[in-house]
1. Given the alpha-carbon gyration tensor of region 487-619, what are the semi-axes of its equivalent ellipsoid in whole angstrom, ordered largest first, with each equal to the square root of 5 times an eigenvalue?
2. Output the 0 to 90 degree angle, nearest 10, between the alpha-carbon long axis of helix 4-28 and the longest principal axis computed from the alpha carbons of the chain.
3. Using a 1.4 Å probe, what is the accessible area per residue for the chain, in Å²?
4. Per residue of region 279-284, what does 6.51 cos²θ - 1.76 cosθ + 1.60 with θ = phi - 60° give for ³J(HN,Hα)? Whole Hz please, x for Gly and Pro, Karplus curve as stated.
5. Specify the angular offset, from 0 to 90 degrees and rounded to the nearest 10, of the alpha carbon long axis of helix 439-448 from the longest principal axis of the alpha carbons in the chain.
6. Which angle from 0 to 90°, rounded to the nearest 10, does the C-alpha axis of helix 362-372 make with the longest principal axis of the chain?
7. At 7 Å along the Cα-to-beta-carbon direction for both V232 and D298, put a label point, then send me their distance in nm to one decimal.
8. With a sphere of radius 10 Å drawn around the Cβ of L294, what net charge do the other residues whose Cβ falls strictly inside it have (Lys, Arg +1; Asp, Glu -1)?
Amino acid sequence: MSPVFPMLTVLSMFYYMCLRRRARTATRGEMNSRRAIESNTRALPINVEIVQYAKEVLDFSSHYGSENSMSYTMWNLAGIPNVYPSSGDFTQTAVFRTYGTWWDRCPSARLPFKRTPPTFCSQDYVELAFEEPVYPTAVHILETYHPGAVVRILACSANPYSQNPPAEVRWEILWSEAPTKVNGPQARQFTPSIKQINFPTNLIRLEVNSSLLDYYTELDAVVLHGVKERPVLSLKTSMIDMNDIDEDDDEEKGDCGMDTLNKQFSIVTLREWPTNGYFDKLPYELIQLILSHLTVPDLCRLAQTCKLLYQHCCDPLQYIHLSLQPYWARINDTSLEYLQSRCTLIQWLNLSWTGNRGAISVSGFSRFLKVCGSELVRLELSCGHFLNETCLEVITEMCPNLQELNLSSCDKIPPQAFNHIAKVGSLKRLILYRTKVEQTALLSILNFCSELQHLSLGSCVMIEDYDLIASMMGAKCKKLRSLDLWRCKNITESGIAELASGCQLLEELDLGWCPTLQSSTGCFTNLARKLPNLQKLFLTANRSVCDTDIEELAANCVHLRQLDILGTRMVSPASLRKLLESCKDLSLLDVSFCSQIDNRVVLELNANFPNVFIKKSFTQ
């Protein structure tokens with residue numbers, strides 16, 4: 001045979017594979033970075049590119065600012081840049097609530113869920129709406145201070161301005177990457193290489209992880225580039241991966257991790273095998289231990305292999321701790337229905353970020369808890385905007401053993417609904433950050449939940465009298481170890497005195513941005529003397545903190561690990577030296593915008609106390 005014919009056969013196979021890959025791309029609108037065939041950005045025919053800034057901020061998980069202000073809030077991401085290309089700490093930017101690992105190293109830190117996939121590292125998010133739906137060609141993120149927190153960019157098929165919501169909402173990952181350390185806090189325009197999608201979008205979601213940052217990241221604006229007509233890609237080939245020949249080459253595996261979750265849960269037809277190989281020789285408990293290291297999607301896939309592994313993968317003991325947050329984009333009523341039989345013994349459940357835009361209904365959530373709630377000890381529902389009063393009522397009725405409840409940023413729950421929480425007398429941790437809990441409901445909760453050890457009331461703007469709340473805590477919550485009163489607007493020295501007298505086990509106290517507290521009343525001195533176990537104290541933006549307060553902390557709170565006195569004008573270098581000499585465990589000291597503490601002092605303190613991270617922010 002002529003050598004020409006084998007060559008023609010190879011070329012034919014190559015051409016076939018190119019056409020097949022091109023057809024997949026046209027159908028799916030994407031090219032995976034692992035694929036050997038790549039697309040360039042040339043579109044045929046040429047579309048006019050539309051450039052637009054975010055029109056509106058639709059949703060977010062946290063922010064540094066107040067609910068009644070624009071300073072340091074996520075709402076600053078709407079519109080044109082306010083700061084860029086300047087670098088530094090500016091109030092006109094969007095800032096999330098935390099940074100670094102400090103929040104994981106304090107008394108209120110929560111234990112992580114096992115089985116979290118390594119590809120999911122998001123800690124916060126913000127969703128932005130744009131005027132025109134487009135096929136994205138680029139996303140520019142203008143970062144003005146400590147960049148590097150963005151780890152995922154997603155696009156949604158739903159148009160937030162459409163009068164007719166779609167039957168199915170799809171999210172596609174445009175770009176993702178593990179957290180990276182960026183050298184220097186200077187401003188930058190971050191433009192990652194994004195993949196193409198097969199639907200137009202005007203809803204973009206940024207997810208961030210600030211664990212590697214030395215300070216709060218600040219975002220100024222987001223720019224979406226795109227075209228109105230779907231691009232038809234021209235191909236340039238560099239190499240062919242022979243795995244591409246396989247028809248089922250993970251094509252059905254969704255970018256957000258659980259596209260086929262519901263299918264996998266529902267499969268009941270399994271292949272019969274005469275033996276199970278070496279698995280027949282392994283003890284049941286050992287197989288269970290091995291499978292405990294798999295993520296939920298991997299368990300679902302493994303369950304399809306044979307009856308033995310199906311039995312193991314569906315064993316309720318595999319679902320004692322279950323976090324569905326990494327798969328928030330794919331979880332719906334059907335997912336919860338299929339999970340019910342597997343979760344009858346569940347003790348920890350994380351549904352944070354799930355269920356929005358109609359994915360989980362009140363009835364679907366209620367049905368799940370009625371079957372699976374009896375053993376629940378910990379329930380995470382952060383940013384669950386489907387939650388209403390009925391949901392809270394079901395939680396309190398179906399979860400008699402509940403000890404931890406996280407409703408952070410569940411801002412759609414009506415104020416009166418929080419009264420139901422008072423029925424759960426076993427609660428030890430309650431997170432109500434950025435909720436609409438009102439005073440009467442909170443007083444009832446404090447009165448009946450005397451086992452509380454950790455309480456977060458940060459940015460709860462509907463509480464009228466924090467002194468009354470503090471007095472109730474002092475009288476009823478004797479076991480309180482951590483308390484977050486971030487940005488409470490009306491607590492005074494009277495409330496602080498009641499709190500310090502009654503809650504002497506406190507190890508963590510956040511009084512950041514509480515403008516009604518004045519050092520001249522002796523409130524901070526009283527705290528230092530009454531709370532010797534303090535490990536974390538945030539007095540952020542309290543201009544009145546003075547040397548006397550710092551010296552009292554040095555004398556009485558020798559276990560102090562984290563102290564934030566950002567913005568004070570009254571603290572001298574001498575008092576800080578006393579504090580650092582006395583508090584040997586101190587690891588974080590924020591003296592940003594402290595007028596008496598200049599860069600020279602910070603350098604000197606860093607040289608003498610190298611184990612302490614001393615933060616001095618700047619604006620230029």
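The values are calculated or read from the model by the stated rules, or taken from the named source; none is laboratory data. This is a predicted model, so every value here is computed, not measured. Neighbour counts are summed over all protein chains in view; Cβ atoms, including those assigned to glycine, are modelled from backbone coordinates with ideal geometry. Accessible surface areas use protein heavy atoms only, side chains included; no ligands, DNA or RNA. Shrake-Rupley method; radii C 1.70, N 1.55, O 1.52, S 1.80 Å.
1. 23, 17, 12
2. Helix 4-28 and the main axis of the chain meet at about 40 degrees.
3. 43 Å²
4. 4, 5, 8, 8, x, 4
5. 90 degrees
6. 80 degrees
7. 4.3 nm
8. Working: positive: R115, R301; negative: D298.
It works out to a net charge of +1.
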